[in-house]
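Chemist: Got a structure for you, questions after.
The values are calculated or read from the model by the stated rules, or taken from the named source; none is laboratory data. This structure is a prediction, so every number in the text was calculated from the model and none was measured. Ideal geometry is used to build each Cβ from the backbone, glycine not excepted, and the neighbour counts take in all protein chains shown. Quick note on the areas: whole protein, heavy atoms, side chains included, nothing else; ligands and nucleic acids left out. Shrake-Rupley method; radii C 1.70, N 1.55, O 1.52, S 1.80 Å.
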Amino acid sequence: MSFFTIHPNAPRIGWVCTAVGDMGRQRKNWVPCELCGASLRFPHFMSHPRFPGEVSVGCECAAGMEGVPQYLVDQRDREAKNRFASRRNFCGLKNWKQKGPTMWTLKHLRNEYRVVQGPYGGYAASVCPEGETAWTRLKGWHKKFDDAKLAAFDAINPPHHAVAVQVEEVA
């Protein structure tokens, strides 16, 4: 049953994508599109200022809800998929180098990453983005080494955030 069948007064257009998710490789974790019912590994979470909550849909349905050309949604979808793949592979990169007993560094795609083990066993991360000379210490301590690496990755490569897209109609 379609989202708009269940919520007949919901707005049909003007929705904004707040995030793109990755449900993992196992099909049992995939979610159905709330409009067409297709099985989604990468759902687009849509919100509207006049409707409570979020709706998870595929890219074709997202384009219709946003009222933007399909190629813009496809581009966002591709960027999200590339980010998820890069993030998944980031911890296993072979060029992490250990500098002393408690520090690991990585130079990757012109960015620098650093993970330091604290005196009580936790891990902290720092980043030095391309074009900068100062390191930025990220907030928080992580129990696992890989969690600190992923925090550093997320600081340089943030997940998708909603961006208002203005599309001009050509007459």
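Chemist: What's the number of the condition residue 171 fails, among (1) of a type in the set (Gly, Ala, Ser); (2) at pLDDT 95 or above; (3) over 19 Å from the mean Cα position of the chain (by Cα)?
Modeler: The number of the failed condition is (2).
Chemist: Take the residues in the range 106-124 that are of a type in the set (A, V, I, L, M, F, W, C) and in contact with an Asp or Glu (Cβ under 9 Å, 6 or more places away or on another chain); name whichever of them is surrounded by the most Cβ atoms within 10 Å (Cβ to Cβ).
Modeler: 106
Chemist: When only residues in the range 60-75 that are outside any helix (DSSP H, G or I) and touching a helix residue (DSSP H, G or I) at 6+ places or on another chain (Cβ under 9 Å) count, which is surrounded by the fewest Cβ atoms within 10 Å (Cβ to Cβ)?
Modeler: Going through the qualifying residues, I end up with 69.
Chemist: Follow-up. So, in the range 92-135, of the ones that are at pLDDT 95 or above and of a type in the set (Val, Ile, Thr), which residue ends up nearest to residue 155 (Cα to Cα)?
Modeler: Once the filter is applied, the top-ranked residue is 127.
Chemist: Now a separate question. Considering only the range 131-163, state which residues are part of a loop (DSSP other than H, G, I, E, B) and under 21 Å from residue 80 (Cα atoms).
Modeler: Scanning the range 131-163 gives 157, 158, 159, 160, 161, 162, 163.
Chemist: Check the range 76-99 and report whether any residue there is open to solvent by less than 50 Å² (accessible area, probe 1.4 Å), of a type in the set (Asp, Glu) and out of contact with any Asp or Glu (no Cβ under 6 Å at 6 or more places or on another chain).
Modeler: yes
Chemist: While we're on this one: Do you know which of the residues in the range 5-58 that are in contact with a Lys or Arg (Cβ under 7 Å, 6 or more places away or on another chain) and aromatic (Phe, Trp, Tyr) is most open to solvent (accessible area, probe 1.4 Å)?
Modeler: Among residues in the range 5-58 that are in contact with a Lys or Arg (Cβ under 7 Å, 6 or more places away or on another chain) and aromatic (Phe, Trp, Tyr), the one most open to solvent (accessible area, probe 1.4 Å) is 30.
Chemist: Do you know which of the residues in the range 43-59 that are assigned to a loop (DSSP other than H, G, I, E, B) and out of contact with any Ser or Thr (no Cβ under 8 Å at 6 or more places or on another chain) is nearest to residue 84 (Cα to Cα)?
Modeler: 58
Chemist: Follow-up question, since we're still on this one. Could you check the range 1-42 and list, in sequence order, the residues that are part of a loop (DSSP other than H, G, I, E, B), under 21 Å from residue 85 (Cβ atoms) and aliphatic (A, V, I, L, M)? Quick ask: steps written out before the conclusion?
Modeler: Here is the first cut: in the range 1-42, the ones part of a loop (DSSP other than H, G, I, E, B) are 1-2, 7-15, 21-26, 30, 33-38, 41-42.
If we keep only those that are under 21 Å from residue 85 (Cβ atoms) as well, we get 21-26, 30, 41-42.
Correct list: 23 only.
Chemist: Test of understanding: among 133, 102, which residue is open to solvent by 30 Å² or more (accessible area, probe 1.4 Å), touching a residue at least 12 places away in the same chain (Cβ under 8 Å) and more than 21 Å from the chain's Cα centre (by Cα)?
Modeler: Numbers: 133 fails: touching a residue at least 12 places away in the same chain (Cβ under 8 Å).
None of the other options fit; the residue is 102.
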